[in-house]
Amino acid sequence: MTSDFPLHPETLAIHGDDGLEADTDVAPSIHPSSTFRARSAAEFAEIASGERPSRFYTRYGNPTVARAERVIAGLEGKAAALLLASGMGAIATTVLANVSAGDHIVAQTSHYMGTTRLLADLLPRFGVTVSQVDQTDPAAFEAALRPETRLVMIETPSNPTLAITDLAAVAAIARAHGVTTIADNTFASPINQRPGEHGIDLVVHSATKYLGGHSDLVAGVVCGEAAAVQRIWEHAIVLGASSNAFDAWLLLRGLRTLALRVTRQSDSALLLARMLEAHPAVAKVHYPGLERHPQHALARRQMKAFGGVLSIELAGGYAAAQSLVARLELVANAVSLGGVESLAVHAASVWEGSLSIAQIEAAGVSPSLVRIAVGLEHPEDLARDFVQALAG
């Protein structure tokens with residue numbers, strides 16, 4: 001769409017795909033077709049050899065997918081977006097499109113479990129080395145750079161300890177050395193944080209989370225300049241990481257209310273974090289919106305609000321954490337986040353099946369840590385649920 005003035009995120013989420021299709025339906029259409037008809041051999045040749053065709057074969061692109069991509073690119077303030085089959089599909093494809101054997105990546109010690117496995121287990125098998133550093137120290141990123149470094153990967157707030165990375169500082173360091181930056185913005189969402197405004201080149205999301213918002217789809221997305229996204233797309237069609245029309249349609253529906261949902265979830269999470277911080281059964285609360293958080297000032301500087309995820313460490317240790325998630329009634333014991341319902345998960349119970357003890361400790365995950373993803377329930381009801389569960 002065109003406009004003489006910049007639109008606010010609430011408006012972009014609803015109108016960011018206006019005019020992309022010549023239809024009169026208020027709700028977006030679904031295009032479930034796996035393949036599309038050409039009217040002539042010449043047209044077929046033109047479409048088949050084009051850049052990111054939306055009406056050739058759905059692994060290459062799809063009209064419904066294109067609409068979701070347009071909205072998300074606008075929300076992140078980037079020129080282009082590529083919708084993929086999952087958040088890990090977006091992260092892995094983006095990384096593979098930017099490195100080759102012999103290259104080096106600088107990343108954080110605290111990343112999502114799937115990202116950690118990609119960095120520690122998969123990439124070294126193909127000759128890509130990785131250095132992981134303390135994300136709270138920008139100088140550590142610069143110290144880890146090598147002549148063969150091609151990527152700097154960050155995630156802020158990080159999963160599950162909600163540590164903050166200084167986006168502007170890391171972006172400036174990487175740019176000075178000609179290194180591409182990737183930021184996982186899943187926990188913040190583009191409503192609370194736009195890494196591109198701080199100099200980050202590529203922004204990835206698990207669209208399964210806040211962007212979708214209803215726990216009924218799995219998708220990922222990467223946003224960036226058109227040429228960079230084009231290169232990632234060229235890898236995606238070979239890797240088979242493409243999304244589909246039905247998930248894209250569900251995603252479009254979720255995006256329309258993204259700003260309302262994230263604002264409410266951020267407000268409720270802050271209230272819950274303050275309540276839990278004062279509870280005697282809770283040893284520690286990780287939430288950047290709390291004044292006691294060691295990076296609160298940085299979070300205020302680069303975030304509009306602090307998101308709907310917090311984590312707590314129980315004074316009673318591993319057993320107390322398992323008891324808490326079992327006793328919660330409104331809050332479901334389930335992985336994921338960003339949906340309308342609140343979820344809680346004992347991180348060590350999940351991570352220990354996929355990561356080593358050393359990797360878990362390096363990520364700062366305490367055996368008593370419980371990650372809480374706040375939904376849209378009334379915050380007083382959520383608080384009461386935690387009080388009764390902690391009393392057990």
Distance between modelled label sites at ASN333 and LEU271, nm, 7 Å Cα→Cβ extension: 2.7 nm
Inter-site label distance for VAL340 and ALA101 at 7 Å from Cα along Cβ, in nm: 5.1 nm
Amide N of the range 170-203 lying under 20 Å from the label point, which is placed 7 angstrom from the Cα of ILE14 along Cα→Cβ: 190-192
0 to 90° range, to nearest 10: angle between helix 167-176 axis and the chain longest Cα axis: 50 degrees
Between helix 245-255 and the chain: long-axis angle, C-alpha atoms, 0 to 90°, nearest 10: 50 degrees
Euclidean distance of C-alpha centroids, the range 315-342 and the range 30-58, integer Å: 47 Å
Segment PHE5-HIS214, extension gain: residue separation times 0.36 nm, minus the distance between their alpha carbons: 72.1 nm
Residues ARG175 and TYR57, FRET efficiency given R0 of 30 Å [Cβ-Cβ distance, rounded to 0.05]: 0.25
0 to 90° range, to nearest 10: angle between helix 87-96 axis and the chain longest Cα axis: 60 degrees
For the chain: relative contact order, % (alpha-carbon pairs under 8 angstrom, 6 or more apart): 17 percent
Gain in span if fully extended, GLU197 to GLU225, counting 0.36 nm per residue against the direct Cα distance: 8.8 nm
Residue among PRO160, GLN265, HIS296 farthest towards the positive dipole end of the chain, charges placed on Cβ: PRO160
Charge dipole of the chain about the Cα centre (unit charges at C-beta), most positive-ward option of VAL374, ILE200, ALA219: ALA219
Stretch gain in nm, segment LEU239-ARG384, where the contour uses 0.36 nm per residue and the Cα spacing is subtracted: 47.5 nm
Taking TYR287, TYR318, TYR112 and counting other C-beta atoms within 10 Å, the order from fewest to most: TYR318, TYR112, TYR287
Length-normalised contact order for the range 258-390 - Cα pairs under 8 Å, 6+ apart - percent: 28 percent
Ordering of 86-96, 45-55 by packing [mean C-beta count within 10 Å, highest first]: 86-96, 45-55
Helix-only CD estimate at 222 nm, as mean residue ellipticity for the chain, using -39500 (n - 2.57) per DSSP H run (n ≥ 4): -11000 deg cm²/dmol
For the chain, built as a Gaussian network whose Cα springs stay under 10 Å, the top-fluctuating residue of PRO32, PRO288, PRO190: PRO32
Pair ALA139, TYR318: separation of 7 Å Cα→Cβ label points (nm): 3.7 nm
Point-charge dipole on Cβ atoms (K/R +1, D/E -1) for the chain, about Cα centre, debye to 20: 200 debye
Antiparallel DSSP beta bridges within the range 9-255, percent to nearest 5: 40 percent
Residues ASP166, ASP23, ASP137 arranged by fewest to most Cβ contacts within 10 Å: ASP23, ASP137, ASP166
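Just so you know, all these numbers are worked out from the coordinates, no wet-lab data involved. Worth saying up front: this structure is predicted, and the values here are computed from it rather than measured. Note that each Cβ is placed from the backbone with ideal geometry, even for glycine, and that neighbours are counted across all protein chains shown.
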